[in-house]
Amino acid sequence: MSDLDCDAVIVGSGPAGATAAHVLTEAGRSVIVLEKGRNHLLDLDAPFGPKGDVSNDEIKFLSRHFLGPDPLLEPRAFRRTAADGDRLMVGDVNNLPSTVGGGGFHADGKLPRFREVDFRAASELGPIEGAELVDWPFGYDELEPYYGEAERIVGVAGDADANPFASWRADPYPMPPGPDMFAAIVSSEAATKLGYHPYRAPTGVNSVEYDGRPACNNCGFCAYYGCPIEAKGDPVAPLRRALRTGRCDIRPECYVSHVELDGSGRRARGVRYLDREGVEHVVRARFVILGAGAFETPRLLLRSEIGNSSDLVGRFLMFHFQTFVVGTFPFRLHGHRGRAVTHLHDDHMIPDAESLAAAREAGLPYFRAGIVEHGAAAGPIQEAIHLPPGSLHSRLMMESTLRDRLLAFTVQGEDLPQATNRIDLDPAVCDVWGNPAGRVTYSPHRHEVVASEHYAPKLTRILEAAGAVWTTTSTSPPRPGQRADAFGLAPASRHIMGTARMGADPRTSVTDPWQRLHDVDNVMVADSSVFPTSTGYGPTLTIVALAIRAARALVDLDPLRSVRPGRA
Ligand SMILES: Cc1cc2nc3c(=O)[nH]c(=O)nc-3n(C[C@H](O)[C@H](O)[C@H](O)COP(=O)(O)OP(=O)(O)OC[C@H]3O[C@@H](n4cnc5c(N)ncnc54)[C@H](O)[C@@H]3O)c2cc1C
Ligand code: SF4
């Protein structure tokens, strides 16, 4: 094969990169996956079993950066607006794990689909001043078969009839839902009585044995932890499938520093990377696939100085605007058993007469919040560090007021795209490899704040109806004018989107509708950088569905077949 090392070099091994690796190797192509983090996910030699590195250990995962990145080695910067100066803080800004498997390794995997309206919010719901809301370049109907395939690859447990607001689907979920958490039964009953429609969350966790992996045992250490028994399928399932073909070479601790172009400037030759000893290597490939996540992909494009003729790389950064409504209960909720979140409701994403009136009062045509996750607290060490020492400590731990009697709603509120919200390269702060750190400039649109203020009291009423004796609310990021609380100044959301938006017009988007850079023919962006809007749903199932669609198109692009599907 001439001077090429593989058909495709893939940057990043999270849900996006793993999916691309699976699709391409299944189609007979060879891939090299370069991952800057360490490998704790699976043995890279046949039969590719679990490594046994995962445990229900709060200190290891939450304090010692077991899955990386260490913010001292890979700092990021944050400011609200350019008027704040170069930065307001440096450290952990929206960090997702840097490890083989990426964020999928420790996400608890609620995997809902977007709805039909989410793909055409601009034309169906209408523009909102100050936001650059656009329709996606294709609709739900085109993505539906890929959603189905994504659910089968990852292994999603769910009930197709549970959510009255869900869009149509061709097939049932591959598995029935797992057991309900007691806390979610309590909150769901109260929500139902008040007229809302809670449902069992579709989750990428086995409820029965599936794909050679066991059913979940509801150990309770789900979000922020890897699964010790591999009941979570994302992205171990696609990575293992890719490895089994014999055409996938995963290289951990390999940091891609640059994408390299050929003399024409229209094609990438491959990438340059540093191995764990700091030695530089080059991988030459027919295609370069960027699955570094919506924070690192634009950073890599910016430092490689490619793909940015529109000046839009890094812009339209979106997070979910999170509203937290927390209540304490006079009885135990058993939040330590279960998969972190077993129930959701969508009602606050559907504009109704009351929310439209509130929007008009606030000078907006409408607003939407996001899915509401019904969750409870689990970690005993997290509880212990907030309690006073001595005998009182023992008594409070026994009573467990901060953990076993606490119920929380988290709203993943839709965040509107604004060109001023962006990731760029910090002028002074560098990572351990000497490259400029990513810097976030981000302020929420009034839409997000008004939606949060409208719905938080309604969620409080659900908790009170469920029996809460005390409630509080908070948002991340803080509302304009509010001081930062425990969640800090930067958005706590780990749902990052929009920084290389896709569209048909190279003047208003970075990639085409097949996720290939407008400027460079053979570079595809596989992750949520391409999302034109954020909706109010977790992004990961849509990342996987899009990556299947885009990687399939890339296979058909192979010069041996000389087909160029749908290039706009
Ligand atoms: C606690 C938690 C719970 C979550 N729960 C949900 C949920 O319920 N539902 C949902 O939809 N989403 C959830 N998420 C978000 C989810 O994890 C992300 O949407 C998902 O991981 C994004 O996948 P990705 O492949 O695009 O990027 P990532 O998962 O971030 O993977 C990117 C990979 O690329 C690597 N990389 C980056 N730069 C380079 C480089 N230069 N060279 C080599 N490698 C590089 C990184 O190390 C990383 O491993 C959760 C996240 C967290 C933190
Ligand atoms: S709750 Fe289930 S899926 Fe989550 S880590 Fe425990 S066993 Fe794995």
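Just one of the numbered conditions (1) of a type in the set (D, E, K, R); (2) crowded, with 18+ Cβ neighbours inside 10 Å; (3) within 15 Å of ligand 1 (Cβ to nearest atom); (4) assigned to a loop (DSSP other than H, G, I, E, B) is not true of Asp118: (4). Of the set (1) over 22 Å from Val23 (Cα atoms); (2) in contact with a Pro (Cβ under 9 Å, 6 or more places away or on another chain), all apply to Gly536 but (2).
Scan segment 1-55 for residues that are assigned to a helix (DSSP H, G or I), touching an Asp or Glu at 6+ places or on another chain (Cβ under 7 Å) and near ligand 1 (Cβ under 10 Å from one of its atoms) and the total you get is 2.
For Tyr147, the stated conditions do not hold, so it cannot be described as within 16 Å of ligand 2 (Cβ to nearest atom) and either modelled with pLDDT under 95 or in a helix (DSSP H, G or I) (or both). Out of Thr19, Thr99, Thr25, one residue alone is within 24 Å of Arg439 (Cβ to Cβ) and hydroxyl-bearing (Ser, Thr, Tyr). It is Thr99. Residues in segment 455-510 that are surrounded by fewer than 22 Cβ atoms within 10 Å (Cβ to Cβ) and among the basic types (Lys, Arg): Lys458, Arg461, Arg479, Arg483, Arg494, Arg507.
The residues of segment 54-80 that are of a type outside the set (A, V, I, L, M, F, W, C) and either in contact with a Phe, Trp or Tyr (Cβ under 6 Å, 6 or more places away or on another chain) or surrounded by fewer than 16 Cβ atoms within 10 Å (Cβ to Cβ) (or both), listed by number, are Ser55, Asn56, Asp57, Lys60, Ser63, Arg64, Asp70, Pro71. When you scan segment 431-441, do you find a residue that is outside any strand (DSSP E or B), touching a residue at least 12 places away in the same chain (Cβ under 8 Å) and either open to solvent by 40 Å² or more (accessible area, probe 1.4 Å) or closer than 30 Å to Ile185 by Cβ (or both), even just one? Among the residues of segment 431-441, at least one is outside any strand (DSSP E or B), touching a residue at least 12 places away in the same chain (Cβ under 8 Å) and either open to solvent by 40 Å² or more (accessible area, probe 1.4 Å) or closer than 30 Å to Ile185 by Cβ (or both), which makes the answer yes.
Scanning segment 204-222 for residues that are near ligand 2 (Cβ under 8 Å from one of its atoms) and crowded, with 16+ Cβ neighbours inside 10 Å returns Val205, Asn206, Cys216, Asn218, Cys219, Gly220, Phe221, Cys222.
Condition check ((1) on the phi < 0 side of the Ramachandran plot; (2) surrounded by fewer than 17 Cβ atoms within 10 Å (Cβ to Cβ); (3) acidic (Asp, Glu)) across all residues:
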| residue | (1), (2), (3) |
| --- | --- |
| Leu274 | yes, no, no |
| Val279 | yes, yes, no |
| Val283 | yes, no, no |
| Val288 | yes, no, no |
| Gly293 | no, no, no |
| Ser310 | yes, no, no |
| Gly314 | no, no, no |
| Phe331 | yes, yes, no |
| Asp347 | yes, no, yes |
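Note on segment 364-404: residues that are without any contact (Cβ under 8 Å) to a residue 24 or more places away in the chain, closer than 27 Å to Asp108 by Cβ and touching a helix residue (DSSP H, G or I) at 6+ places or on another chain (Cβ under 8 Å) total 4. Evaluate the following for Asp180: is it touching a residue at least 60 places away in the same chain (Cβ under 8 Å), open to solvent by 20 Å² or more (accessible area, probe 1.4 Å), more than 26 Å from Asp352 (Cα to Cα) and more than 21 Å from the chain's Cα centre (by Cα)? Yes. Within segment 208-217, the set of residues being over 22 Å from the mean Cα position of the chain (by Cα) and either within 16 Å of ligand 1 (Cβ to nearest atom) or not small (Gly, Ala, Ser) (or both) comprises Val208, Glu209, Tyr210, Asp211, Arg213, Pro214, Asn217. Residues of segment 326-342 that are more than 13 Å from ligand 1 (Cβ to nearest atom) and either touching a His at 6+ places or on another chain (Cβ under 6 Å) or not basic (Lys, Arg) (or both): Val326, Gly327, Thr328, Phe329, Pro330, Phe331, Leu333, His334, Gly335, His336, Gly338.
Name every residue in segment 86-105 that is open to solvent by 30 Å² or more (accessible area, probe 1.4 Å) and either within 16 Å of ligand 2 (Cβ to nearest atom) or assigned to a loop (DSSP other than H, G, I, E, B) (or both), in order of residue number. The answer is Asp86, Arg87, Leu88, Asp92, Leu96. Evaluate segment 415-422: report whether one residue or more is charged (D, E, K, R) and open to solvent by less than 20 Å² (accessible area, probe 1.4 Å). The answer is yes, given that some residue of segment 415-422 is charged (D, E, K, R) and open to solvent by less than 20 Å² (accessible area, probe 1.4 Å). Does segment 149-165 include one or more residues that are more than 16 Å from ligand 1 (Cβ to nearest atom), among the aromatic types (Phe, Trp, Tyr) and without any contact (Cβ under 8 Å) to a residue 60 or more places away in the chain? No, segment 149-165 has no match at all. Within segment 126-157, the only residue that satisfies the criterion of being on the phi > 0 side of the Ramachandran plot and surrounded by 17 or more Cβ atoms within 10 Å (Cβ to Cβ) is Gly155.
Selection over segment 242-273 of residues that are under 23 Å from the mean Cα position of the chain (by Cα) and charged (D, E, K, R) gives a count of 2.
You will find that of Leu312, Leu317, Leu301, the residue that is within 22 Å of the chain's Cα centre (by Cα) and within 12 Å of ligand 1 (Cβ to nearest atom) is Leu301 and no other.
The values are calculated or read from the model by the stated rules, or taken from the named source; none is laboratory data. Nothing here was measured: the structure is a model prediction, and the numbers come from that model. Here the Cβ is made from the backbone with ideal geometry for all residues, glycine too, and neighbour counts use every protein chain on show. For accessibility, only protein heavy atoms count, side chains too; no ligands or nucleic acids. Shrake-Rupley method; radii C 1.70, N 1.55, O 1.52, S 1.80 Å.
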